[in-house]
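The structure appears right after this line, and notes come after that.
Readers should treat all values here as calculations from the given coordinates under stated rules, not as data from a laboratory. Computed from a predicted model, the values in this text were never measured in an experiment. Methodologically, a virtual Cβ is constructed for each residue, glycine included, from the backbone with ideal geometry; neighbour enumeration extends over all protein chains shown.
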Amino acid sequence: MENLIDIKGVRHAYDTAAGKLPVLDGLEVSVKEGGFCAVVGPSGCGKSTLTRLIAGLMHPDEGEVWLHGEQVKGPRSTVGMAFQNPVLLEWRTILQNVMLPLEIVPGGLKGKAAVERAESLLALVGLEGFEDKRPSELSGGMRQRASLCRALVHQPDVLILDEPFGALDAFTREDLWQTMHEVKAKEPFTAVLITHDLRESIFLGDQVVVLSGRPARTQYVMEITRDGPPKLDDLYTPEASERLATLRHQIEIAQGRAEEGVSA
Ligand SMILES: Nc1ncnc2c1ncn2[C@@H]1O[C@H](COP(=O)(O)OP(=O)(O)OP(=O)(O)O)[C@@H](O)[C@H]1O
Ligand SMILES: [Mg+2]
């Protein structure tokens, strides 16, 4: 199948007061259409930078970013993004917050069609009945669900999630993982998820990319195959333990705490 996202030989350095800070150095990531790529790596290695490159919010010094067979040259409306802190606007209801991208993106749904699209997404994530509440009336998990709806409302080709579940407690996070699978089964996006949680990466991803320490290169790629619908119990199988041990070892290498070639 065709790759929807292709990141080829990307290098980038930020200009800082102390000089050039190399952040990405030989990044290679490919995600097939409809795929779910989880990206893990040490703190500060360049993961959020990678999301900005995919969204076209910045250009790499070297290398290329391709989406849908087109080189990314600027911001694209076919990308949806959700972050660790769901910045919802308090003066708008939940429904109005979810509809916001439709008011901004050219050619977005309008009127009744827009309301119906937002309502159906809110129902899909279990927020039916909360349409008219304000963000402060919702729990952190519910706000994150609303933020996911907002990222998807304009039917983006690509959904970028930068640690969206990082601030939630473990149970709420697991609920949201299941919701994420339910949403993915109904919506046709290709996903890139940045996370620090290795269990999350193997539960949600069909591919886990481990980035090296800064400047980040693609250090390791794990393909995840599942038979049947994902269940939280799958995280406690011997196969899952083995995957987690491999990824943990790769993270230790990325952090410079273990040597490459020495098995876990
Ligand atoms: N606009 C910028 N200008 C200068 N330096 C930056 C800029 N954005 C990020 N950096 C630096 O680049 C490095 C990578 O940042 P980035 O946010 O991509 O890391 P990250 O992997 O997402 O980190 P974390 O896991 O903590 O979220 C960091 O050292 C950061 O300080
Ligand atoms: Mg980050």
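The requirement of being among the charged types (D, E, K, R), outside any loop (DSSP other than H, G, I, E, B), surrounded by 23 or more Cβ atoms within 10 Å (Cβ to Cβ) and touching a strand residue (DSSP E or B) at 6+ places or on another chain (Cβ under 8 Å) is fulfilled nowhere in the range 178-198; no residue meets it. Considering every residue within the range 63-83, establish whether at least one is closer than 30 Å to residue 169 by Cα and of a type outside the set (A, V, I, L, M). Yes; the residues of the range 63-83 include at least one that is closer than 30 Å to residue 169 by Cα and of a type outside the set (A, V, I, L, M).
Residues that are outside any loop (DSSP other than H, G, I, E, B) and within 19 Å of the chain's Cα centre (by Cα) within the range 220-234 comprise 220, 221, 222, 223, listed in sequence order.
The residues listed here are 62, 90; of these, the one that is of a type outside the set (Ser, Thr, Tyr), touching a residue at least 40 places away in the same chain (Cβ under 8 Å) and farther than 28 Å from residue 177 by Cβ is 62.
Evaluation of residue 51 against the conditions (1) surrounded by fewer than 14 Cβ atoms within 10 Å (Cβ to Cβ); (2) within 16 Å of ligand 2 (Cβ to nearest atom); (3) hydroxyl-bearing (Ser, Thr, Tyr) shows that the sole unmet condition is (1).
Is it the case that some residue within the range 121-143 is within 16 Å of ligand 2 (Cβ to nearest atom) and either touching a residue at least 24 places away in the same chain (Cβ under 8 Å) or under 30 Å from residue 12 (Cα atoms) (or both)? No, the range 121-143 contains no residue that is within 16 Å of ligand 2 (Cβ to nearest atom) and either touching a residue at least 24 places away in the same chain (Cβ under 8 Å) or under 30 Å from residue 12 (Cα atoms) (or both). With a requirement of 3 or more residues that are more than 30 Å from residue 224 (Cβ to Cβ), the helices (runs of 4 or more DSSP H) lying completely within the range 33-125 that satisfy it span 94-104, 111-124. Mind checking which residues of the range 28-48 are more than 8 Å from ligand 1 (Cβ to nearest atom), surrounded by fewer than 18 Cβ atoms within 10 Å (Cβ to Cβ) and under 14 Å from residue 216 (Cα atoms)? Selection gives 28 alone.
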